[in-house]
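Enquirer: Take this structure, written in structure tokens, and hold onto it; I'll ask about it next.
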Amino acid sequence: MAYDGFLCYADSDIRYAQMVVDVLQNEPYNLRICINSEELLDGDTSSSGSSVSAELIIQRCKKILVVITPEFEKSSQHEFIAKVANALKDDKNQRILIMLFRECDLPVSVRHITVCDLTKATVEWAWHRISAGLKKNARSLDDTTSQLKNIYLGHSLSKKESHETVTGSSSGGTEGGTQAEAKDISNKNPEVQYDAFVSYSPEDQSFVSEMVEKMKQEPWNLQLFVPGKDVADISSDYIAHRCKKIILVLTPSFLENPECLYHIKLAIDLDRSRIIPVLLESCSTPNTIQHIAIIDCTRLELIDWFWQRLGQTIKQPLY
């Protein structure tokens with residue numbers, strides 16, 4: 001079974017890997033992304049029982065996607081990518097696509113490869129560029145495999161290094177639904193409900209903690225879901241199915257965070273009326289939410305009014 005791309009990432013960057021799958025395997029891209037190397041075996045008993053060879057990845061995946069963060073160079077995946085990148089350094093069709101999710105120095109092994117930067121506000125353009133790169137014809141798989149075979153035939157990815165994670169649906173959604181509704185990436189209790197999902201930059205953790213405590217108290221009695229604190233790595237599911245509203249804590253760092261920008265896109269695709277923008281620090285407002293009323297938290301003298309309005313807005317029924 002052929003894939004458009006095989007995804008390489010550090011263990012600690014699983015949330016970015018899930019984001020890649022969520023975006024690329026659904027509308028408008030509809031690409032097949034493999035993030036679990038065991039899937040490549042597909043009943044092939046010729047491969048080692050404990051590993052999936054790099055050659056097999058090259059044979060069954062048109063391109064290789066690499067999630068770059070400060071942690072990647074220290075991960076087990078880096079050795080594999082370094083060897084492939086060296087073997088293909090003269091390949092003008094670029095079998096490797098580099099995706100920068102957090103600012104860092106690129107590993108020397110991939111500095112000759114063009115980078116798709118997902119740390120900027122133009123992240124949607126970057127997704128289009130990644131999709132175009134995956135769809136661009138690579139040279140013959142046989143030619144590439146032959147070139148690589150003698151270089152790293154013995155290199156393999158251990159199944160233990162393959163993460164059990166959701167690869168999503170390649171169908172691009174369910175009838176009448178959205179891309180998030182097309183999959184269930186959590187087996188948690190489906191009856192758990194939150195009043196709002198909080199999307200924020202890690203730099204604003206202290207404010208978010210205060211907000212959660214304030215909204216928990218009388219007269220609001222509201223329960224907010226904080227990704228990474230309550231449950232990790234399943235934010236798409238919680239935004240789509242388990243939270244009534246989506247709070248966006250707007251700051252300059254929020255606008256530079258690819259995960260936060262992804263939350264905006266997902267929230268808009270679901271239902272704009274569920275979005276509650278909160279302005280914590282002065283910054284530009286993304287064009288996609290400029291029509292939505294913003295709750296201003298930049299004036300300390302009006303902080304009591306802010307909490308009052310936030311609680312009322314969260315409690316306001318959806319129509």
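Enquirer: Return the distance in nm (one decimal) between the two label points of a simple spin-label model at A132 and E71, each offset 7 Å from Cα along Cα→Cβ.
Expert: Distance between label points: 3.1 nm.
Enquirer: Taking 25 Å as R0, compute the FRET efficiency from the Cβ-Cβ separation of E27 and D271 and round it to 0.05.
Expert: Between E27 and D271 the formula returns 0.95.
Enquirer: Could you check the spin-label model distance between Q308 and H112? Points 7 Å from the Cα along Cα→Cβ, value in nm.
Expert: A separation of 6.5 nm, rounded to one decimal place.
Enquirer: Sticking with this one: Shape verdict for the range 253-319, please, from the Cα gyration tensor: rounded (a/c under 1.5), prolate (a/b greater than b/c) or oblate.
Expert: Details: a/c = 2.30, a/b = 1.20, b/c = 1.92.
Verdict is oblate for the range 253-319.
Enquirer: Stretched out fully, how many nm does the piece from K216 to N86 gain, at 0.36 nm a residue minus the Cα gap? Could you put the intermediate results ahead of the total?
Expert: Numbers: separation 130, 0.36 × 130 = 46.80 nm, distance 5.41 nm.
The K216-N86 span can extend by a further 41.4 nm.
Enquirer: Using DSSP to call loops (not H, G, I, E or B), can you name the trypsin sites (Lys or Arg not before Pro) in the range 288-319 whose Cβ has at most 11 other Cβ atoms within 10 angstrom?
Expert: On the way: sites: R299, R309, K315; in loops: R299.
Here the trypsin sites (Lys or Arg not before Pro) that fit, given the DSSP loop and packing criteria, are R299.
Enquirer: Just list whichever of K63/K120; K83/K135; K120/K216 have alpha carbons separated by over 30 Å in the model shown.
Expert: Values: K63/K120 24 Å; K83/K135 23 Å; K120/K216 34 Å.
Those over the limit are K120/K216.
Bear in mind these aren't lab numbers, they're just calculated from the coordinates by the rules spelled out. Not measured: the values here are computed from a predicted model. Heads up, the Cβs are rebuilt from the backbone with ideal geometry, glycines too, and the neighbour counts pull from every protein chain shown.
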